[in-house]
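The values are calculated or read from the model by the stated rules, or taken from the named source; none is laboratory data. Just so we're clear, the structure is a prediction, and the values are computed from it rather than from any experiment. Using ideal geometry, Cβ is built from the backbone for each residue, glycine included, and neighbour counts are taken over all protein chains shown. These accessible areas exclude ligands, DNA and RNA; they are computed on the full protein's heavy atoms, side chains included. Shrake-Rupley method; radii C 1.70, N 1.55, O 1.52, S 1.80 Å.
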Amino acid sequence: MSRTPILMQGNQAIAEGAIYAGARFFAGYPITPSSEIAEECSKKLPKIGGVYMQMEDEIASVGAIVGASLTGVKSFTATSGPGFSLMQENLGMAIMGEVPCVIINVQRSGPSTGLATKPSQSDVMQIKWGRHGDQAIIALAPASVEECFLLTVKAFNMSEKFRVPVILAADEIVGHMRENFALPEPGEVEVVDRKKPEVSPDEYRPFEPQADYVSPLASYGSEYVFHITSSMCGPEGFSNNDAEIATWKIDQLHKKLEVHRDEIVETKTFLMDDEPEIVFITFGATTRVARAAAIAAREAGTKAGVLQLVTIWPFPELEVIKYGSNAKTIVVPEMNYSGQIAEEIQRLLGYNADIRRVNKYNGEVITPQDIMKVLSL
Amino acid sequence: MAITGEKFLKKDSLPHMWCQGCGNGVALSSLLRSFERLKYTPQDTVIVSGIGCWGKADDYIATNALHVTHGRALPFATGVKAVNPDLHVVVLMGDGDGVTIGGNHFIHAARRNIDLTAIVVNNYNYGMTGGQFSATTPADSITSTTAYGNPERDFDICTLAEAAGANFVGRSTIYHGRLMDNLIKEALSKKGFSLVEIISPCPTHFGRKNKMKTAVDMLNLYKQNGVTKDKYEKMSPSEQSNAILIGKLVDKDAPDFNTRYEEIRQKAI
Ligand SMILES: Cc1ncc(C[n+]2csc(CCOP(=O)(O)OP(=O)(O)O)c2C)c(N)n1
Ligand code: SF4
């Protein structure tokens, strides 16, 4: 990263990451703490041949990005909890239609209007299960301004590569945090574009079965004519109620993420080389606090390390088992009441595993002291 | 050579799913003939449809298509048009889809004056789900969920579109075939948001429950009650309440969204 670092906000880095990844269409509806992304896009996109649209609501925002994406333009939106709830309907359509797009959710406190300006990590399960029907989703959670940028690029790359919507699960802390960051030069970070059809227009089918479960996607306005539907459909994209087709389609939606699991799932470790007895498992903003806690634990004479779940969905099961199984104690700090990530870890490591939850859900940040309290070191 | 619209018909999807006497097939033929008249191609046309009996029309059309969620067709269509102004974007919605669940998108698409054509087939009820009332069901009508009559007032779709800023608004019935053809063709040719409302029989539900036993009864009613603007304006309020105002109702040339966006964009660069 060769440019001079500048002080940049997480939300700004997300907008920059999207543009770097090639996004040229943003449709959204303003909401704290995500609005800076919309504002940034409204300034930048017109200058580079892109389009910024402010829609009448978040339902329309996802509709518009799906329409634009099928026209061959990388597209995205940004919101927070209340808007993300509204987006679920058309997010389901994007999953069913296998349409690449990115949705940024800068999480805030809820339920409902909640603490509108305060951070939270309580949308973990809504991101996975918020829509009706059988489906799978990719979600990435940044912990720094640099990760806001890089994971936004990665979100676009995954969405293009696998023809799926991808969620960037940020939170108010990282979204509004300012850090020094140097924007990468073009070409420095990999940018992926969707697979285009190579068959003749007569032969093209938008859901042609493929060994890797990712069918090439044409664009409206090209020589290819194609049909995309929210209904159950076969390879040709027309609604079809056959039981066999339904099985094939639902398999397809899940298997495309399953077979590419290793490419999708990313975790990072900190002070984990000496098999520490205490492992903090984190995602998003709490990662930084856990690092401070790990250092403090080591200063107090106990080996501790951090496993950061960069990808939260699909859940990094292998990594949690690998780093979690040998730990004596696992600590999971989360800005939610229910321990949405801790539950997943408990499910994997068993109900006898010593998993200590640190939950704060009052809009205040979890501190290293909050974490140390459950350890009695 | 006669204009049939046949090259736009996806014949391998036939027979269609609509009931006998349903107006949807008639509306579809008119639309496909207009495509042929205007020399559209399957490549340069995108149909966006919502959910409902009329929303299934995309299954029978051989152009690009995007069949989406109930009430949301206009936002999807807006995204298509915003990034590719060269495409002909045509949005097919029922009265439930277009102006009931999708009412908010409808007024904002018209306000934005996004260059697309909405064809709303108004059969005064939710056909697909068994004939419940919609926002266009006339007061006192009997439907599956207004067993004793509809207590609510109905929307006038054309007035709504006009008030929200549409460049072109017209209404026809299935009976007035030539008018329907002309309105659809003009709406497609118009830059900006254009709306054609087509009053259409749902004999299976709305007709049967409201003492119009067959589609023919319903067409006769359209024939009797369909009046153009000049006649309509001379009618008394009570006569007007039974009439169906048909014809071209709005024809303006306000700049469309893409044109305005480009103008503003010039200030950015
Ligand atoms: C979100 C949602 N709510 C309800 C439905 C059920 N539904 C399907 S079609 C329809 C109404 C269709 O009526 P209309 O749009 O007037 O079209 P028609 O069938 O009369 O052509 C309803 C309520 C749905 N598919 N999605
Ligand atoms: S239920 Fe009504 S609208 Fe639907 S196909 Fe039958 S007649 Fe047509």
Roughly what angle does helix A:243-258 make with the longest principal axis of chain A, taking Cα atoms, 0 to 90 degrees, to the nearest 10? 50 degrees
Residues whose modelled amide H sits under 5 Å from the amide H of B:A118, counting only those 5 or more places away in sequence or on another chain, are B:V91, B:S194, B:L195, B:V196
Cut-off 15 Å between beta-carbons: net charge of the residues surrounding B:Y126, Lys and Arg +1, Asp and Glu -1: -1
Compute the relative contact order of the stretch A:63-123 as a whole-number percentage, counting only Cα pairs closer than 8 Å that sit 6 or more residues apart in sequence. 33 percent
What accessible area per residue, rounded to a whole number of Å², is obtained for the stretch A:204-331 using a probe radius of 1.4 Å? 40 Å²
Suppose R0 equals 60 Å. What FRET efficiency, 1/(1 + (r/R0)^6) with r the Cβ-Cβ distance, do B:N242 and A:K328 give to the nearest 0.05? 0.15
Amide proton proximity set for A:G234, modelled H, under 5 Å, gap of 5+: A:N240
For every helix of n ≥ 4 consecutive DSSP H residues, a contribution of -39,500 (n - 2.57) applies; sum these over the protein assembly as shown, divide by its total residues, and give [θ] at 222 nm rounded to the nearest 500 deg cm²/dmol. -10500 deg cm²/dmol
log10 I(q)/I(0), Debye, Cα-only the stretch A:30-160, no solvent, q = 0.13, 0.16, 0.17 Å⁻¹? -0.52, -0.82, -0.94
Helix B:103-112 against the longest principal axis of chain B: what's the angle in degrees, Cα atoms only, rounded to the nearest 10? 40 degrees
Chain-alone versus full-assembly comparison, the stretch B:67-86, residues with accessible loss of at least 50 Å² (1.4 Å probe): B:H67, B:T69, B:R72, B:P75, B:F76, B:V83
Across 10 Å bins beginning at 0, the whole-percent shares of Cα-Cα pair distances in the stretch A:43-112 come to 20, 51, 25, 4
The stretch A:269-375: relative contact order in percent, alpha carbon pairs under 8 Å with at least 6 residues between: 30 percent
Taking the alpha-carbon centroid of each part, what is the distance from the stretch B:128-145 to the stretch B:1-80 in angstrom? 25 Å
Taking every other residue with Cβ under 13 Å from the Cβ of B:N210 and scoring Lys and Arg +1, Asp and Glu -1, one gets +2
Convex hull volume per residue for the protein assembly as shown, taking Cα atoms only, in Å³: 173 Å³
Can you give me the long-range amide H partners of A:V331? Hydrogens built in the peptide plane at 1.01 Å from N, cutoff under 5 Å, separation of 5 or more residues or another chain. A:V279, A:F280, A:I281, A:R356
Which residue, chosen from B:G127, B:F8, A:I345, occupies the Cα position most advanced towards the positive end of the dipole of the protein assembly as shown, where the dipole is computed from +1 (Lys, Arg) and -1 (Asp, Glu) charges on Cβ about the Cα centre? B:G127
How large is the dipole of chain A about the Cα centre if only Lys and Arg carry +1 and Asp and Glu carry -1, each at its Cβ, rounded to the nearest 20 debye? 800 debye
Residue-wise, which Karplus ³J(HN,Hα) couplings in Hz belong to the stretch A:280-285, taking 6.51 cos²θ - 1.76 cosθ + 1.60, θ = phi - 60°, and x for glycine or proline? 8, 10, 9, 8, x, 4
Estimate the FRET efficiency between B:D156 and A:Y351 by the formula 1/(1 + (r/R0)^6), using the beta-carbon distance for r and 60 Å for R0, to the nearest 0.05. 0.45
Relative contact order as a percentage, the stretch B:6-268, C-alpha pairs under 8 Å and 6+ apart, gives 18 percent
What do the square roots of 5 times the Cα gyration tensor eigenvalues come to for the stretch A:152-202, in whole Å, largest first, as semi-axes of the equivalent ellipsoid? 31, 16, 5
When the Cα centres of the stretch B:171-194 and the stretch B:153-170 are compared, how far apart do they sit, in Å? 14 Å
Could you sort the residues of the stretch A:211-252 by number and keep only those whose accessible area is reduced by 50 Å² or more in the all-protein-chain setting relative to the chain alone, 1.4 Å probe? A:Y220, A:V225, A:H227, A:F238
Between 0 and 90 degrees, rounded to the nearest ten: what's the tilt of helix A:81-97 against the longest Cα principal axis of chain A? 50 degrees
Checked the stretch A:269-375 with the C-alpha gyration tensor, a ≥ b ≥ c its square-rooted eigenvalues, rounded below a/c of 1.5, otherwise prolate if a/b is larger than b/c and oblate if not; verdict rounded
Centroid-to-centroid separation of the stretch A:218-266 and the stretch A:3-78 [C-alpha atoms, Å]: 26 Å
Accessible area of the protein assembly as shown belonging to carbon and sulfur atoms, whole % at 1.4 Å probe: 52 percent
Gyration tensor on Cα atoms of the stretch A:191-319, a ≥ b ≥ c root eigenvalues, a/c under 1.5 rounded, else prolate if a/b beats b/c, else oblate, says prolate
Computed for B with A: buried accessible area summed over both chains, 1.4 Å probe, rounded to 100 Å², at 2900 Å²
Give me the 1.4 Å probe accessible area per residue for the stretch A:6-181, excluding ligands and nucleic acids, in Å². 25 Å²
Fully extended, how many nm does the chain gain between A:K195 and A:A292 (0.36 nm per residue separation, minus their Cα-Cα distance)? 30.7 nm
Heavy-atom surface of the stretch B:47-104, accessible at 1.4 Å and reported per residue (Å²): 16 Å²
Here the alpha-carbon Rg of chain A over 2.2 N^0.38 Å rounds to 0.99
Calculate, for A:E343 and A:E236, the FRET efficiency according to 1/(1 + (r/R0)^6) with r their C-beta to C-beta distance and R0 45 Å; round to the nearest 0.05. 0.65
Would you mind checking A:K74/B:K191; B:K56/B:K81; B:K10/B:K56; A:K161/A:K255; A:K161/A:K195 for any pair whose Cα atoms are more than 19 angstrom apart? A:K74/B:K191; B:K56/B:K81
